[in-house]
Amino acid sequence: MDALQKFRNEKDEFFKTSHQSPLTAGQKTEFQALEYFPADPAWQLELELERNPQPEQVLFATSTGDDRPYWLIGQVRFEVQGHLVCLQVYEDDYGFFIPFVDATAPQETYPGGRYLEPHEIRQGVLLLDFNLAYNPYCAYNERWSCPLPPALNRLAVRITAGEKKFHV
């Protein structure tokens, strides 16, 4: 079993059994597994982080109407199906953060967007593995408060990698 499939299996087990699972007790009784796009190494991108010379603090609206602060530190650019795409990269105490919505929403993926947590693989270069794109916890039930992707990270292209819409 490859590392990605092992990770997905462990996540399913966490969702089924953990008291920290985002699922309610009722959802856990029917939960089998999360759904994903097939793993595709083409969605593992090493991209230059175009750092903002003066990172700025921004507030993200959340699914519950609160605001959550992040630092806008730069952007990454890449091509999807012949279209140039730019995603804003944010940072908080936990690391890099890219919330986004793409053209697979709302039919195939959560309408509120998905998250990606890239990491720096060498100075100024981030690894964005869209196979690891995941739904925020508010996709599972309304008790969670999740940052909503900003307008600049709403893409007209399809990102056919990562987690799909949750169904029970």
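The numbers here are math on the coordinates, done by the rules we state, and not lab data. Just so it is clear, the structure is predicted and the values come from calculations on it, not from any experiment. Cβ: placed from backbone, ideal geometry, glycine included. Neighbour counts: every protein chain shown.
What to note about this one:
Here's the yes/no breakdown for (1) under 14 Å from the mean Cα position of the chain (by Cα); (2) of a type in the set (A, V, I, L, M):
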residue	(1), (2)
GLU79	no, no
GLY82	no, no
TYR90	yes, no
PHE100	yes, no
GLN107	no, no
GLY113	yes, no
GLU120	no, no
VAL125	no, yes
ASP129	yes, no
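- Filter result for TRP71 (among the aromatic types (Phe, Trp, Tyr), over 13 Å from the mean Cα position of the chain (by Cα) and part of a loop (DSSP other than H, G, I, E, B)): no
- Of all residues making up the range 1-37, the number that are exposed (fewer than 14 other Cβ atoms within 10 Å of the Cβ), under 22 Å from ALA105 (Cα atoms) and within 16 Å of the chain's Cα centre (by Cα): 1
- Close pairs (6 angstrom Cβ cut-off, 6 or more residues apart or separate chains): touching a residue at least 40 places away in the same chain (Cβ under 8 Å) and more than 17 Å from ALA42 (Cβ to Cβ) in the range 114-138, hydrophobic (A, V, I, L, M, F, W, C) and surrounded by fewer than 13 Cβ atoms within 10 Å (Cβ to Cβ) anywhere: none
- Residue count, the range 112-168 (criterion: more than 21 Å from VAL85 (Cβ to Cβ) and basic (Lys, Arg)): 3
- Restricting attention to the range 54-68, the residues that are over 21 Å from LEU126 (Cβ atoms) and in a strand (DSSP E or B) total 5.
- Odd one out for LEU87, checked against (1) in contact with a strand residue (DSSP E or B) (Cβ under 7 Å, 6 or more places away or on another chain); (2) under 17 Å from ARG114 (Cα atoms); (3) of a type in the set (A, V, I, L, M, F, W, C); (4) surrounded by fewer than 18 Cβ atoms within 10 Å (Cβ to Cβ): (4)
- Taking the range 101-161 as the region of interest, the strands (runs of 3 or more DSSP E) fully inside it that hold 1 or more residues being surrounded by 19 or more Cβ atoms within 10 Å (Cβ to Cβ) are 114-116, 125-129.
- Every pair of residues 6+ apart whose Cβ atoms lie under 7 Å, when the first sits in the range 1-22 and is under 20 Å from PHE37 (Cα atoms) while the second is outside any loop (DSSP other than H, G, I, E, B) and not hydroxyl-bearing (Ser, Thr, Tyr): LEU4/ASN131
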